[in-house]
Amino acid sequence: MIEDIRATTSEAERLVDAASTLDELARVDREVLGKGSALTGFKRQMGGLEPDARREVGAALNEARAALEAAVAARRAALAATAQREQAEAERLDLTEVRAGRDAGHLHLVTQAIEELEDVFVGLGFTVAEGPEVEDDWHNFTALNFGEYHPARDMQDTFFVGLGGDREVVMRTHTSPVQIRVMEEQAPPIYSVMPGRVYRNEATDATHLAVFHQLECLVVDRGITFGHLAGTIDRFTKAYFGPGWTSRLRPSYFPFTEPSAEFDLQRPDGTWLELGGCGMVHPNVLANCGIDPEEFSGFAFGFGLDRLAATRHGVTDLRELASTDIRFLEQF
Ligand code: FA5
């Protein structure tokens with residue numbers, strides 16, 4: 001009988017090892033260890049044996065059962081690991097979008113615009129400067145001549161950051177704070193452009209984003225006039241869009257420039273694009289940065305890069321610029 005038990009056990013182990021799915025293993029498990037199994041049959045036959053033989057057969061049966069249970073558990077673990085690997089492989093998402101024979105990617109439309117404009121301005125003798133996107137109140141507002149309670153602070157809906165004192169740290173609402181950083185660090189003459197990302201707490205639509213990009217331009221030198229401002233705007237407009245484009249200035253208000261204007265670009269078909277704000281740097285702003293307004297004057301302008309790039313490429317909804325859809329992105 002002991003021989004039979006051993007033979008049955010090794011046949012059962014072969015069946016367990018041969019099970020190729022978890023379902024099949026469950027069936028084999030019932031077959032070799034369940035109530036109808038050969039092992040259970042041997043147990044029933046034990047009643048007719050002598051006590052010594054019964055003890056011996058009982059020990060052999062326990063050993064066989066333990067060995068088979070271990071074999072089933074090991075096989076189950078192996079099959080479960082394979083199943084998990086196969087599922088992971090089947091559900092794997094390829095996020096790289098790399099396709100054979102094509103470039104792996106290219107710069108985003110807005111980044112391309114920034115780089116082209118930097119080239120235009122560097123060609124005109126400007127340097128490129130950058131500043132932080134998380135700003136303090138001094139650089140984003142106060143040094144730019146926004147009075148503490150002046151309603152002009154509401155011109156730009158601000159995201160406040162929970163750092164420092166109340167309303168002390170903000171996501172910058174425009175690139176103008178970089179003007180302050182440049183003037184604090186550098187004595188005139190200054191000819192600088194400052195591209196970057198800005199944030200406003202406003203609802204998005206086809207012409208407004210909550211996170212967008214601006215390019216700021218600052219000139220501070222002796223004898224700088226409004227004519228230099230208008231000429232520079234017209235020059236970069238033609239360099240970026242082509243000779244058929246012109247610009248115009250409309251009177252406006254910004255606390256940090258006096259006089260102030262808004263500037264629009266005229267497309268070759270005669271329609272207008274409202275692009276940015278500009279003006280002569282306010283004497284208070286120069287003084288806030290330690291520059292003598294009696295000796296130096298300057299102009300500044302800042303405009304929306306997203307609007308500019310969208311116009312150039314015929315994109316009618318700015319929200320598309322935040323799209324990750326490869327079918328949109330690969331067009332540019
Ligand atoms: C300013 O941000 C001033 N800092 C501009 C400036 C600089 C004036 C230097 C004087 C001297 P304004 O809030 O108007 O101004 O924004 C400038 C441009 O940014 C707008 O004309 C527009 O092109 C773009 N812009 C503003 N809000 C959004 C928005 N929500 N989504 C996309 N573009 C925007």
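The values are calculated or read from the model by the stated rules, or taken from the named source; none is laboratory data. All of these numbers come straight from a predicted model, not from anything done at the bench. Note that each Cβ is placed from the backbone with ideal geometry, even for glycine, and that neighbours are counted across all protein chains shown.
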Taking the residues in region 265-298 that are in contact with a strand residue (DSSP E or B) (Cβ under 6 Å, 6 or more places away or on another chain), more than 9 Å from the ligand (Cβ to nearest atom) and modelled with pLDDT under 95 as candidates, determine which candidate is nearest to residue 309 (Cα to Cα).
-> 265
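Residue by residue through region 25-34, note down the ones that are part of a helix (DSSP H, G or I) and loosely packed, with under 15 Cβ neighbours inside 10 Å.
Scanning region 25-34 gives 26, 27, 30, 31.
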Kindly list, by first and then second residue, each pair from a residue in region 187-214 that is assigned by TED's automatic domain parsing to the domain that holds residue 156 to a residue that is basic (Lys, Arg) and in a strand (DSSP E or B), limited to pairs with Cβ atoms under 7 Å and residues at least 6 apart or on different chains.
-> 211/197; 213/197
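May I ask you to say which residue of 20, 37 is surrounded by 15 or more Cβ atoms within 10 Å (Cβ to Cβ) and modelled with pLDDT of 85 or more?
That would be 37, the only listed residue that is surrounded by 15 or more Cβ atoms within 10 Å (Cβ to Cβ) and modelled with pLDDT of 85 or more.
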For region 68-86, indicate whether the set of residues that are farther than 30 Å from residue 241 by Cβ and not in a helix (DSSP H, G or I) is non-empty.
-> no
For region 158-166, state whether one or more residues are modelled with pLDDT under 95 and within 16 Å of the ligand (Cβ to nearest atom).
-> yes
Return the pairs, sorted by first residue and then second, in which the second residue is more than 8 Å from the ligand (Cβ to nearest atom) and assigned to a strand (DSSP E or B), the first residue lies in region 281-308 and is in contact (Cβ under 8 Å) with a residue 40 or more places away in the chain and of a type in the set (Lys, Arg), the beta carbons are less than 8 Å apart, and the residues are 6+ apart or on different chains.
-> 307/273
Among the numbered conditions (1) within 18 Å of residue 156 (Cα to Cα); (2) touching a Phe, Trp or Tyr at 6+ places or on another chain (Cβ under 6 Å), tell me where residue 253 comes up short.
-> (2)
Qualifying residue in region 249-257 (condition: touching an Asp or Glu at 6+ places or on another chain (Cβ under 6 Å), more than 9 Å from the ligand (Cβ to nearest atom), part of a strand (DSSP E or B) and at pLDDT 95 or above) | yes
Can you name the strands (runs of 3 or more DSSP E) wholly within region 103-219 that have at least 2 residues being under 19 Å from residue 309 (Cα atoms) and of a type outside the set (Gly, Ala, Ser)?
-> 190-199
Report whether or not residue 270 is assigned by TED's automatic domain parsing to the domain that holds residue 185, in a loop (DSSP other than H, G, I, E, B) and more than 20 Å from residue 183 (Cα to Cα).
-> yes
Which condition number in (1) under 23 Å from residue 289 (Cα atoms); (2) surrounded by 15 or more Cβ atoms within 10 Å (Cβ to Cβ) is the one that residue 184 fails?
-> (2)
